[in-house]
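Working notes, beginning with the structure itself.
Every number in this text was worked out from the coordinates using simple rules, so none of it is lab data. This one's a predicted model, so the numbers in the text were calculated from it and none came from an experiment. Here the Cβ positions follow ideal geometry from the backbone for every residue, glycine too, while neighbour counts run over all protein chains shown.
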Amino acid sequence: MVNVENQGNLHINGMGSSGGGSFNKVLINGKGNVQGDIECNDFTINGTGTVTGNIKGNEGKINGSGNIEGSIEFDRFTIEGTGGIDGDAKVNKMKISGKGKIGGSLKGEEIRIKGRATIENDCEAEEFKGEGGFVIGGLLNADVIDISIAGECRAEEIGGHTIKVKKGIFSFLNHIFKSVYPVSLKTEIIEADDIDIEFTNAKMVRGNNVNIGPNCEIDVVEYKETFSQDPSATIKETRKI
């Protein structure tokens, strides 16, 4: 936790700019710009504000299309609109609503995506819940993974304890994505103890208890205990190990 409550506040409205530093609250409205690293309790961008540096804080939020040209470390952070973080994000509780982009890796305890997110490298969490679409350039790893697909979802590999993938029923997300992205999850490998998936394309699915639901295309399934398959799913090879 960052303890800077005795520091002053930084408020930038319109086209203003400032250097970095330690503050209690940082509020950027409009096209404000901060040059340098920031340590603060509360951080908010409303509009198209920019921070050229790294940020460490407790509570953070981007409203609109603000951008952080560095890495962040927060207890809680929310992106609403089309916010971006160029570097890594280490956030205990992360929520992306709308369209968010992270240029590095995302690590946290709880990650919620409702809309579309792009994460260039790995995404690691205790719990990952995705509603909409996402692109993860590396590994998606979480103890519990719950995905409701309403557009294109991609990750290089997916691993965890419990993995559930279903076609989303959220009408507003389907309306946003259906004309642009296929409604599917695509990955090289899915590996977990308990796997229940549909609308998924993967080369390898490996687990203890595996259920392959409708509209799946899987090259190889390996399971230890139980296996089931929807008639509409296509599996080239199934192996009990």
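Between the listed residues 221, 115, 105, the Cα displaced farthest toward the positive end of the dipole of the chain, a dipole computed from Cβ unit charges relative to the Cα centre, is found at 115.
At a temperature of 4 °C and a viscosity of 1.567 mPa s, determine how fast the chain diffuses translationally according to Stokes-Einstein, using the Kirkwood radius over alpha-carbon pairs as Rh; express D in µm²/s, rounded to the nearest whole number. Once the numbers are plugged in, D ends up at 69 µm²/s.
Let me spell out the model: positive unit charges on the Cβ of Lys and Arg, negative unit charges on the Cβ of Asp and Glu, origin at the Cα centre of the range 111-241. What dipole size does that give, in debye rounded to 20? Intermediate results must be reported in sequence, preceding the final value.
Values: 16 positive and 23 negative charges, 107 e Å.
Charge dipole of the range 111-241: 520 debye, to the nearest 20.
Applying the Karplus relation 6.51 cos²θ - 1.76 cosθ + 1.60 with θ = phi - 60° to the range 225-239 yields 3J(HN,Hα) values of 10, 10, 8, 9, 9, 6, x, 7, 7, 10, 10, 6, 8, 10, 9 Hz, where x marks Gly and Pro.
To make sure I understand, if each residue's beta carbon is the centre and we count other beta carbons within 10 Å, what order do 106, 27 fall in, fewest to most?
Listing 106, 27 from fewest to most nearby Cβ atoms yields 27, 106.
Sorted fewest first by neighbouring Cβ atoms within 10 angstrom, 94, 15 come out as 15, 94. The charge dipole of the range 1-104, taken about its Cα centre with unit charges on the Cβ atoms of Lys, Arg (+1), Asp and Glu (-1) only, comes to about 320 debye. Were the residues from residue 240 through residue 161 laid out at 0.36 nm apart, the gain over their Cα-Cα distance would be 26.6 nm.
With the helix formula -39500 (n - 2.57) applied to DSSP H stretches of n ≥ 4, the chain reaches a computed 222 nm mean residue ellipticity of -500 deg cm²/dmol.
The value of relative contact order for the range 1-104, using C-alpha pairs under 8 Å at least six residues apart, is 17 percent. Taking every alpha-carbon pair under 8 Å whose residues sit at least 6 apart, the chain reaches a relative contact order of 8 percent.
Note that the range 190-202 has calculated 3J(HN,Hα) couplings of 10, 9, 6, 5, 10, 10, 9, 10, 8, 6, 10, 10, 8 Hz, one per residue in order, obtained from phi through the Karplus relation 6.51 cos²θ - 1.76 cosθ + 1.60 (θ = phi - 60°); glycine and proline are x. Residue pairs exceeding 28 angstrom between C-alpha atoms, taken from 56/99; 101/240; 101/224; 25/164; 114/240: 101/240; 101/224; 25/164; 114/240. Farthest towards the positive end of the charge dipole of the chain, among the residues 130, 29, 200, is the Cα of 29, using unit charges on the Cβ of Lys, Arg, Asp and Glu. This model, with +1 at the C-beta of Lys and Arg and -1 at the C-beta of Asp and Glu, gives the chain a dipole about its Cα centre of some 780 debye. Taking 14, 98, 138 in turn, the Gaussian network model of the chain (Cα-Cα springs below 10 Å) assigns the largest fluctuation to 14.
Ordering 186, 203 by the number of other Cβ atoms within 10 Å of each residue's own Cβ, fewest first, gives 203, 186. Let a ≥ b ≥ c be the square roots of the eigenvalues of the Cα gyration tensor of the range 1-104; is it rounded (a/c under 1.5), or, if not, prolate (a/b larger than b/c) or oblate? It is oblate, given that a/c is not under 1.5 and a/b is not larger than b/c.
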